[in-house]
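Asks: Just passing along the structure, written as structure tokens.
The values are calculated or read from the model by the stated rules, or taken from the named source; none is laboratory data. None of these values were measured; they are calculated from a predicted model. Cβ: placed from backbone, ideal geometry, glycine included. Neighbour counts: every protein chain shown. Note: accessible area is taken over every heavy atom of the protein model, side chains too, but ligands, DNA and RNA are not part of it. Shrake-Rupley method; radii C 1.70, N 1.55, O 1.52, S 1.80 Å.
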Amino acid sequence: MRDTRWLAVAAMAAMAIPATPATAQFYLRHYDYSGTPVMGDEPGIAQTLPGATPEERRAGLVWTMRSALNVAALQCQFEPTLLTRDSYNAILLDHRDELKSAWDTLGKYFTRTAKTKKAGSDALDQYGTRTYSSFSAVASQYGFCRTAGSIARDALFAPRGSLATIASSRMRELRNSLTPYGEQRFSRYINATPLSLPRLDPICWSKKGEWVEKKCGPIAWGPTPAQVAATTR
């Protein structure tokens, strides 16, 4: 009877724990990629739009975020719990009006700044291609995919018309995620110099397999604490 009561209490306690969305946990502690909000004309955030109005810069920021989430939808399917593909497809549907407005605004910008209509159309195509190409995540796939999945989830549940706000607050974080970082919980090192090995001749070892420091000096093995500290990232 006592065991039954405890099982009931445990079941009720489990039901009381709030549900949280599952996310891919590639490391025990991930690197913090978060950054300050952007306007869209900062170096390295989006393709430059010389002479653009604030509205045109916002459109460029929205389209840059959309392009990044599209890349994530294609490159991050190795981890299904991120839902990058499903979230991206849902964003295209739920935020279609804002995305169309952003693309139309960019089209008008390139038409305005080009010498001919065809030149403007070509410039718009080049802009789109360069934007996609700027999100190469081969070196930092884990960081990029996890960050893009988080942003896509926020965008999916955000009110319509708020993509520009999300892009402004998280685009620097998305760009930062293209820089590879690994496990942050434990220090790690890359030993640039050849690893020193202890002497293996019998004089340096006792019959119990222990190092004899009196005969061969301190054992040299592995990196020094200074090497670990200098290469920990």
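Asks: Can you find even one residue in the stretch 91-105 that is open to solvent by 70 Å² or more (accessible area, probe 1.4 Å), assigned to a helix (DSSP H, G or I) and aromatic (Phe, Trp, Tyr)?
Replies: Looking through the stretch 91-105, at least one residue is open to solvent by 70 Å² or more (accessible area, probe 1.4 Å), assigned to a helix (DSSP H, G or I) and aromatic (Phe, Trp, Tyr).
Asks: Which of (1) free of Cβ contacts under 8 Å to residues at least 60 places away in the same chain; (2) more than 20 Å from THR53 (Cβ to Cβ) is the odd one out, the single condition LEU124 does not satisfy?
Replies: Looking at each condition in turn, LEU124 falls short on (2).
Asks: With the structure loaded, tell me whether ALA123 is open to solvent by 20 Å² or more (accessible area, probe 1.4 Å), assigned to a helix (DSSP H, G or I) and among the hydrophobic types (A, V, I, L, M, F, W, C) or whether it fails that test.
Replies: Taking the combined requirement at face value, the residue satisfies it.
Asks: Test of understanding: among THR64, THR53, which residue is in contact with a helix residue (DSSP H, G or I) (Cβ under 9 Å, 6 or more places away or on another chain), modelled with pLDDT of 95 or more and surrounded by 15 or more Cβ atoms within 10 Å (Cβ to Cβ)?
Replies: Testing whether each residue is in contact with a helix residue (DSSP H, G or I) (Cβ under 9 Å, 6 or more places away or on another chain), modelled with pLDDT of 95 or more and surrounded by 15 or more Cβ atoms within 10 Å (Cβ to Cβ) leaves just THR64.
Asks: Further question: Just one of the numbered conditions (1) outside any helix (DSSP H, G or I); (2) touching a residue at least 24 places away in the same chain (Cβ under 8 Å); (3) under 22 Å from LEU178 (Cβ atoms) is not true of ALA52; which one?
Replies: In the conditions (1) outside any helix (DSSP H, G or I); (2) touching a residue at least 24 places away in the same chain (Cβ under 8 Å); (3) under 22 Å from LEU178 (Cβ atoms), ALA52 misses (3) alone.
Asks: Checking TYR109 against (1) under 18 Å from LEU178 (Cβ atoms); (2) modelled with pLDDT of 90 or more, only one condition comes out false. Which one?
Replies: Every condition holds for TYR109 apart from (1).
Asks: Going by the structure shown, is TYR132 aromatic (Phe, Trp, Tyr) and assigned to a helix (DSSP H, G or I)?
Replies: Taking the combined requirement at face value, the residue satisfies it.
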